[in-house]
Amino acid sequence: MTEIFEPTSPHDPRLARRVDGLLGSFNAAGVVDAADVRVAERVAALAGEDDDRVLLAAALAVRSVRGGSVGLDLDALPELSTEVEEVAQRPSRDRLRWPDRADWVAAIESSALVAAEVLHVEHDLVYLDRYHRLERQVADDLTGRIALGPPAVDEAVLAATMARISGEHLSEEQAAAVRHAARHRTTVLTGGPGTGKTTTVARLVLALADQFAVAHERRMSIALAAPTGKAATRLQEAVAAELGALGALGDADHQLAPPEAMTLHRLLGWRPDNTTRFRHARGNRLKYDLVVVDEASMVDLTMMARLLEAVRPDSRLVLVGDPRQLTSVGAGAVLSDLVAGFAEHPDSPVVALTENHRSTEEIKGLAAALRDDSPDAADRVLEVLRAGTGEVEWRETADPVAALQAECTAAAVRIRDAAVDDGPEAALAAIEGFRLLCAHRDGPYGVRVWNRHVEQWLAAETGAPLGSAWYAGRPLLVTSNDYALDVYNGETGVVVTEPSGRARAWIAGAGAPRPFAPARLDAIETMHAMTIHKSQGSQATRIAVLLPEEGSRLLSRELFYTAVTRAGESLLVVGSEAAVRAAVTMTAQRATGLRHRLAP
């Protein structure tokens, strides 16, 4: 759920005016904000509902969705009560009085809002209708694909394909995943960093294409997709490189055309008149015979529903991701729900890669410690951090500026020098050498502050002011999709000054980098530092992770794990032991019912 807020004044915009009863009390305490209250009041008025307890449940359900849950988990309210006490530091006599749970559930179930299907009570959750329908649709579409039965498999062709793709770059575990994909319409391929997911994806693409060519006597049409432009570009480059090494790309009958990667929004057909609907849906299915979606942990419930309704039932669907990473920004935890929900299914589409093939042993060890659910997991993480010999380094300090200034300044100077002396491609390559990741956007440990720090250090180091916002060597992050310019969320770029003195923003997307006049780009941020959430789907040679103080509500094991696994060769962690322990101890919990709907 979202954080408790402490009202700062009677004019705080999060406080709703002229509201009393339970809604007024919980709004004044910072549990629900004005938007939650107004939505609850509006739907209650339309349905003719006047029970305070039901209105409170509706407001809390709206709040839950804002926090990433699909519904309101009434069992989690005692923990929410503790958060209220901690934030407001209320004496016990002023504690909020929650309705009796049994009476509250009975009141909700018999309410006009449930009768009008505005609210639903199922799986111990109180749902808003939209998310109840989306969750049911995702479960129905996935189980419906399984109910179609396994596809026909030409075993002789599969054996020939396996012989063709096998070798030192394909482990038995990966080969088993390829065979699994050949025998299933839907595959959920999971694995941590270094387990060879991309290697496996390229080979299962080839195996499915071989099967398709025999059955249909034509080439298979293939779409590669990811939630962000950066992740889509990385997927396309990696898969194309693997297929090229296998001699699978070309114009011959037995070869494939290079598959194109795109964002999920572009795949489904973004509509400027509707932010939650796309051109491709049940009445206008996607043309592709195979759809591969990477970084599936970032896909929220709404987007997964839209994807499943757009993919043809006879098309192959492959979802790839790491369920231990941070969940989507939107509501739901779909990938982890699929893994848990299908765990006991007799014909599960889930196949996991567990063997790590990377040479970065210390990073691998730290990631493994963060996946450990045992009570002493924090001790194991600290042990790995303290034993670092260069690949993993921990600077335990209360002064992050002193710990990071030299390295951040050196990285910024390298990017600037490359942009001035060597051109856009060298500058873009320099950006991938080092990245500072923060948990927060604002505050002393946030991206905004650290971007300003680095710019000040860069100006001091070069002995001259940067000149303008579009200074040479400014690293860029695209933060939303621009379909007119073919620029997508998550793509990175750099500012390079032309000989004429004009600044150009070079964006690295699929294919060669492209220059843009700065005025044409709207959703752009400076990227000397970026949030851990934004870093998903990307990687850098060296990663520095700035952990906030242990009291941060954003600290979680998933956040720390995601940051650690962005590192290609080396990792620097800056933060206190208390912050590390807080990150490992806290796990991100989202209330959903999808795993229950998928269980046999």
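Looking at Gln236, Gln137, can you tell me which residue is open to solvent by 30 Å² or more (accessible area, probe 1.4 Å), touching a Pro at 6+ places or on another chain (Cβ under 9 Å) and among the polar types (S, T, N, Q)?
Exactly one of Gln236, Gln137 is open to solvent by 30 Å² or more (accessible area, probe 1.4 Å), touching a Pro at 6+ places or on another chain (Cβ under 9 Å) and among the polar types (S, T, N, Q), namely Gln236.
Could you say whether any residue in the range 319-332 is more than 14 Å from the chain's Cα centre (by Cα) and at pLDDT below 95?
No, the range 319-332 has no match at all.
Matching residues to (1) open to solvent by less than 10 Å² (accessible area, probe 1.4 Å); (2) under 18 Å from Leu485 (Cβ atoms); (3) at pLDDT below 90:
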position	(1), (2), (3)
Pro227	no, no, no
Ala248	yes, no, yes
His254	no, no, yes
Ala257	no, no, yes
Leu268	yes, no, no
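Output the residues belonging to the range 124-134 that are in contact with a strand residue (DSSP E or B) (Cβ under 8 Å, 6 or more places away or on another chain), open to solvent by 20 Å² or more (accessible area, probe 1.4 Å) and not in a loop (DSSP other than H, G, I, E, B).
Leu128, Asp129, Tyr131
Which members of the range 112-123 meet the condition of being touching a strand residue (DSSP E or B) at 6+ places or on another chain (Cβ under 7 Å) and open to solvent by 10 Å² or more (accessible area, probe 1.4 Å)?
Those that are touching a strand residue (DSSP E or B) at 6+ places or on another chain (Cβ under 7 Å) and open to solvent by 10 Å² or more (accessible area, probe 1.4 Å): Val114, His120.
Take the conditions touching a strand residue (DSSP E or B) at 6+ places or on another chain (Cβ under 8 Å) and over 24 Å from Gly332 (Cα atoms) and apply them to Thr228. Does it pass?
So Thr228 does not fit the description; no.
Out of (1) out of contact with any helix residue (DSSP H, G or I) (no Cβ under 7 Å at 6 or more places or on another chain); (2) surrounded by 23 or more Cβ atoms within 10 Å (Cβ to Cβ), the odd one out for Ala215 is which?
Unmet condition: (2).
From (1) modelled with pLDDT under 95; (2) within 24 Å of Val19 (Cβ to Cβ); (3) open to solvent by 10 Å² or more (accessible area, probe 1.4 Å); (4) assigned to a helix (DSSP H, G or I), pick out the condition that doesn't hold for Pro99.
Only one criterion is unmet by Pro99, namely (4).
Take the residues of the range 153-178 that are under 30 Å from the mean Cα position of the chain (by Cα) and open to solvent by 70 Å² or more (accessible area, probe 1.4 Å): which is modelled with the highest pLDDT?
Glu172
Go through the residues of the range 488-501 one by one and say whether even a single one is aliphatic (A, V, I, L, M) and modelled with pLDDT under 95.
Looking through the range 488-501, none of the residues is aliphatic (A, V, I, L, M) and modelled with pLDDT under 95.
Give the residue that is least open to solvent (accessible area, probe 1.4 Å), with candidates limited to residues of the range 141-152 that are touching a residue at least 12 places away in the same chain (Cβ under 8 Å), assigned to a helix (DSSP H, G or I) and among the hydrophobic types (A, V, I, L, M, F, W, C).
Applying the filter and picking the extreme gives Leu142.
Give, as residue ranges, the strands (runs of 3 or more DSSP E) completely inside the range 508-600 that count at least 1 residues that are touching a Leu at 6+ places or on another chain (Cβ under 9 Å) and buried (at least 19 other Cβ atoms within 10 Å of the Cβ).
Those strands (runs of 3 or more DSSP E) span 524-526, 529-531, 540-546, 567-574.
If I filter the range 377-390 down to residues being open to solvent by less than 40 Å² (accessible area, probe 1.4 Å) and not β-branched (Val, Ile, Thr), which single residue comes out as modelled with the lowest pLDDT?
Filtering the range 377-390 for residues that are open to solvent by less than 40 Å² (accessible area, probe 1.4 Å) and not β-branched (Val, Ile, Thr), the one modelled with the lowest pLDDT comes out as Gly388.
Somewhere in the range 414-428, is a residue modelled with pLDDT of 95 or more and in contact with a His (Cβ under 9 Å, 6 or more places away or on another chain)?
Yes, the range 414-428 has at least one match.
If we scan the range 573-583, do we find a residue that is among the acidic types (Asp, Glu) and within 24 Å of Pro375 (Cα to Cα)?
yes
Would you point out which residue out of Arg448, Arg435 is closer than 30 Å to Glu558 by Cβ and open to solvent by 50 Å² or more (accessible area, probe 1.4 Å)?
Of Arg448, Arg435, the one residue that is closer than 30 Å to Glu558 by Cβ and open to solvent by 50 Å² or more (accessible area, probe 1.4 Å) is Arg448.
Are any of the residues in the range 464-482 in contact with a helix residue (DSSP H, G or I) (Cβ under 6 Å, 6 or more places away or on another chain) and free of Cβ contacts under 8 Å to residues at least 40 places away in the same chain?
Yes, there is a match, as at least one residue in the range 464-482 is in contact with a helix residue (DSSP H, G or I) (Cβ under 6 Å, 6 or more places away or on another chain) and free of Cβ contacts under 8 Å to residues at least 40 places away in the same chain.
The values are calculated or read from the model by the stated rules, or taken from the named source; none is laboratory data. Keep in mind that this is a model prediction, so the values were computed, not measured. Every residue, glycine among them, receives a Cβ derived from its backbone with ideal geometry; neighbour counts consider all protein chains shown. Just the protein is used for accessible areas: all its heavy atoms, side chains included, with ligands, DNA and RNA removed. Shrake-Rupley method; radii C 1.70, N 1.55, O 1.52, S 1.80 Å.
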